[in-house]
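These notes concern the structure reproduced below.
The values are calculated or read from the model by the stated rules, or taken from the named source; none is laboratory data. Source: prediction; values computed, not measured. Cβ placement follows ideal geometry from the backbone for every residue including glycine, while neighbour counts extend to all protein chains displayed. Heavy atoms of the whole protein, side chains included, go into the accessibility calculation; ligands, DNA and RNA do not. Shrake-Rupley method; radii C 1.70, N 1.55, O 1.52, S 1.80 Å.
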Amino acid sequence: MMALAPGEAGAALQRWGQALAARGDWRAVVVMSPHWMDPVAAVGSHPMPPTWHDFGGFPPALYRLQYPAPGDPALARSVVERLQAAAIPTAEDPERPRDHGVWSPLRFLLPQARWPVVQVALPADAGPAAVYAIGAALADLRDQGVLLMGSGSLTHNLMAFFAGRPTLDAPADPAVQAFSAWVWDALQAGDLTALLDYRARAPQAEQAHPTDEHLLPLFFALGAARWPQTAGQTVQAITREVQYRHLAMDSYAIG
């Protein structure tokens, strides 16, 4: 529902995206979303990926939304080559549409939809370290004007959400606050070791993520920045809003 009821998170992404668009020193986006899980780190190479409404039971207005940014088959091939060079199993997928894990945040971050967007699949059996390695294999694309982005949710317990059906601005669950604060502190401390082992170390980790696919794109972004090994790769909070009591919408800019 973020696409229709974005809250402060949507406004914050929009402000940050306006500054990004004004820079004029980049040319495309490569993004990982938890809504494309594949046996390998597949790469979408469709020249004009359709906007996929990959959900059911929502208001009709949501199904009318489009994000008509082009794809970039040449960039997709370049992504595949980098993953292959790093011995990461991959493949091109020329048919894959664009899922809501990509287009929903990009509608606020880059509403112009004029920059090409290439999606990388989350391997179904990958853990944090493996996803970090995927991002790291693509890190040099940043020097070629490519924005590398992980799209997920810092907390994602839909069972808790549906049990109470809270409103958008309901007070944050203390467990969500504790998990979000722990991640933020680890990012500020540059503690990659703790983050990679978040399931054992973070408070309320199991409650925040009954399954961890929605957190894993964070590690794609961290790897893409080669954080924290590369000097100057600080982490800036774009937003740390909690929506619907259980969904931490934290967004970060790395480096």
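The table below gives the values:
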{"item": "Tail fraction, Cα-Cα pairs, the stretch 1-71, threshold 14 Å, whole percent", "result": "74"}
{"item": "Computed E for residue 237/residue 193 - FRET, C-beta separation, R0 22 angstrom, nearest 0.05", "result": "0.55"}
{"item": "Cβ-derived FRET efficiency at R0 25 Å, residue 19 paired with residue 185, nearest 0.05", "result": "0.45"}
{"item": "Cα centroid of the stretch 88-113 to Cα centroid of the stretch 138-213, whole Å", "result": "20"}
{"item": "Solvent-accessible heavy-atom area per residue, rounded to whole Å², over the stretch 2-254 at 1.4 Å", "result": "43"}
{"item": "Reciprocal of mean inverse Cα separation for the stretch 170-220 (Kirkwood radius, Å)", "result": "11.3"}
{"item": "Relative contact order of the chain, defined on C-alpha pairs under 8 angstrom at six or more residues apart (%)", "result": "27"}
{"item": "Potential lengthening between residue 87 and residue 64 on full extension [0.36 nm per residue; Cα-Cα distance subtracted]", "result": "4.3 nm"}
{"item": "Simple Cβ-charge dipole of the stretch 2-254, Lys/Arg +1 and Asp/Glu -1, about Cα centre, in debye nearest 20", "result": "580"}
{"item": "Share of pairwise Cα separations in the stretch 116-255, more than 20 Å, in percent", "result": "45"}
{"item": "Reference-scaled alpha-carbon Rg (2.2 N^0.38 Å with N residues) for the stretch 2-254", "result": "0.95"}
{"item": "Extended-chain gain in nm, criterion 0.36 nm per residue less alpha-carbon gap, residue 162 and residue 55", "result": "37.0 nm"}
{"item": "Residue-span extension gain [residue 48 to residue 1] - 0.36 nm each, minus C-alpha spacing", "result": "14.5 nm"}
{"item": "MRE, 222 nm, helices only [DSSP H, n ≥ 4, -39500 (n - 2.57), over the chain, to nearest 500]", "result": "-11000 deg cm²/dmol"}
{"item": "Under 10 Å, Cβ to Cβ, from residue 250 - net charge with Lys/Arg +1 and Asp/Glu -1", "result": "0"}
